[in-house]
Amino acid sequence: MDTLKVKNFGPIQEANVEFGDFTLLVGPQASGKSIFLQLFKLVADNNYITNTLNKYGYNWNNNAEFLDRYLGEGMSQVWTDKTKIIADGKEFRNKDLATIIPDASGYERENVFYIPAQRVLTLENGWPRPFKSFAVSDPFSIKNFSESIRLYVELGGDVIFREDHSPLKETKSYKDIFYTSEIVMDKSGPTKRIVLKMDSSQLPYMVWSTGQKESMPLHLSFFFLKYPSLTLTGVTDITVVIEEPEMGLHPAAIKSMIVDFLYLISIGYKLVISTHSPVLLEFVWAVRMLKENNADSTALRELFEMKEIGPFDEVFEKTMKYMDFKTYFFDKGDGIVKDISSLDAGSENPDIAEWGGLSSFASRAGEIVSKNIPL
């Protein structure tokens, strides 16, 4: 999907979003970012969603009940008589929502791989939870993500958690989050579980740091997206949605994770990310400025503190030559989603100049300090 126009959907009064290779959504809590992303998934994968819910025994009698099954209990009210949704120029209507259209091949392809903000809930006692273990009232996004990760781990666990060399270490962010520890599969008990091996100790998932717990589902996702032949889709021409990837992470780890994002884009994926982190905006701003001034990819190597030529140089070259970056601000005040892709700090529009509010406090702090400290 290249464009999605939305009117009167939950807190969103109007949105006209054109997706790039790397699209950032920013804005305060409850401004509509998550509901927009779930709508994006619904429009792109409606047939997959209805068939998956049906497969797991869910039923509904009308569109309102279907929305409660998909978005979560009580969420059907976001779609009103005034709601209008247009994807790539085609209207997606209320009556299109809940129809089950069986696929004769028995296989439904997903066009959007959705990594939800509540991903830490997917790993229970160190192993991904199955779809049916969640409450009926829970959103589809968390249940489907957890089930996907569970199947991936079951299929590729012996490869993922090799103690001689886990492919998870190939991600740029691994070292900044797990340091010298090893993520391994413990088979000594009655059930398999993922543990953190530190010297001679094996730490269960629940005692890991917050950042390690938050990032583990992301690292599993990176692995299977990086090696699509091991996934259920086997393709890279899909969109990956990630809600708040920065949760629990130090800015240095967020910076490393950006390199992992760029790698995924370089092999064919598109990314749509909601964030409250200025680090991601600072990166996109830096790329825009570097491109405008005809800098080459070595500037990115320097930005990410990679002094030597390495495996990510090709990724940086593609970033500078081909990748298209977009940024949208979800304004809680008027419900209008605004294109702030220029990220022009000198703009007269404060939404753009302050990057959707993510740089406003730093700017204000500088002004106050300058005002109150004599020269």
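The values are calculated or read from the model by the stated rules, or taken from the named source; none is laboratory data. None of these values were measured; they are calculated from a predicted model. Virtual Cβ from ideal backbone geometry, glycine too; neighbours counted across all protein chains shown.
Mind checking which pairs have a first residue in segment 195-209 that is of a type in the set (F, W, Y) and a second that is surrounded by 13 or more Cβ atoms within 10 Å (Cβ to Cβ) and part of a strand (DSSP E or B), Cβ under 6 Å, 6 or more apart or different chains?
Once the first residue is of a type in the set (F, W, Y) and sits in segment 195-209, its partners that are surrounded by 13 or more Cβ atoms within 10 Å (Cβ to Cβ) and part of a strand (DSSP E or B) give Y205/L123; W208/L196.
Does any residue of segment 232-255 turn out to be among the polar types (S, T, N, Q), over 29 Å from V337 (Cα atoms) and modelled with pLDDT under 90?
Yes, segment 232-255 contains a residue that is among the polar types (S, T, N, Q), over 29 Å from V337 (Cα atoms) and modelled with pLDDT under 90.
Can you tell which of S274, S266 is within 13 Å of the chain's Cα centre (by Cα), at pLDDT 90 or above and under 18 Å from G20 (Cβ atoms)?
S274
Being buried (at least 19 other Cβ atoms within 10 Å of the Cβ), under 30 Å from L67 (Cβ atoms) and of a type outside the set (K, R) narrows it down to one residue among I177, I142; which is it?
I142
Given the criterion β-branched (V, I, T), surrounded by fewer than 18 Cβ atoms within 10 Å (Cβ to Cβ) and in contact with a Lys or Arg (Cβ under 6 Å, 6 or more places away or on another chain), identify the matching residue among V159, V184.
Selected residue: V184, the only one of V159, V184 that is β-branched (V, I, T), surrounded by fewer than 18 Cβ atoms within 10 Å (Cβ to Cβ) and in contact with a Lys or Arg (Cβ under 6 Å, 6 or more places away or on another chain).
Name every residue in segment 277-307 that is within 24 Å of K226 (Cβ to Cβ) and more than 19 Å from the chain's Cα centre (by Cα), in order of residue number.
Within segment 277-307, V287, S297, L300, R301, L303, F304, E305, M306 meet the criteria.
If you scan segment 46-104, which residues turn out to be assigned to a loop (DSSP other than H, G, I, E, B) and of a type in the set (V, I, T)?
Hits for segment 46-104 are T99, I100, I101.
Taking segment 336-360 only, how many residues are surrounded by fewer than 17 Cβ atoms within 10 Å (Cβ to Cβ) and either of a type outside the set (S, T, Y) or in contact (Cβ under 8 Å) with a residue 12 or more places away in the chain (or both)?
Matching residues across segment 336-360 total 9.
Could you check L196 against (1) over 16 Å from N125 (Cβ atoms); (2) surrounded by 15 or more Cβ atoms within 10 Å (Cβ to Cβ) and say which number it fails?
Here L196 meets the rest and fails (1).
Considering only segment 285-296, state which residues are surrounded by fewer than 19 Cβ atoms within 10 Å (Cβ to Cβ) and in contact (Cβ under 8 Å) with a residue 24 or more places away in the chain.
Across segment 285-296, the qualifying residues are R288, L290, K291, A295, D296.
Go over the candidates L24, L42 one by one and state the one that is modelled with pLDDT of 90 or more and not in a helix (DSSP H, G or I).
Just one listed residue meets the conditions, L24.
Scanning for something exposed (fewer than 14 other Cβ atoms within 10 Å of the Cβ) and more than 23 Å from Q29 (Cα to Cα), does segment 324-334 turn up at least one residue?
yes
Which condition from (1) under 30 Å from D45 (Cα atoms); (2) surrounded by fewer than 14 Cβ atoms within 10 Å (Cβ to Cβ); (3) at pLDDT 90 or above is the one that V207 breaks?
(1)
Taking only segment 1-13 into account, find how many residues are over 19 Å from the mean Cα position of the chain (by Cα) and surrounded by 16 or more Cβ atoms within 10 Å (Cβ to Cβ).
Of the residues in segment 1-13, 8 are over 19 Å from the mean Cα position of the chain (by Cα) and surrounded by 16 or more Cβ atoms within 10 Å (Cβ to Cβ).
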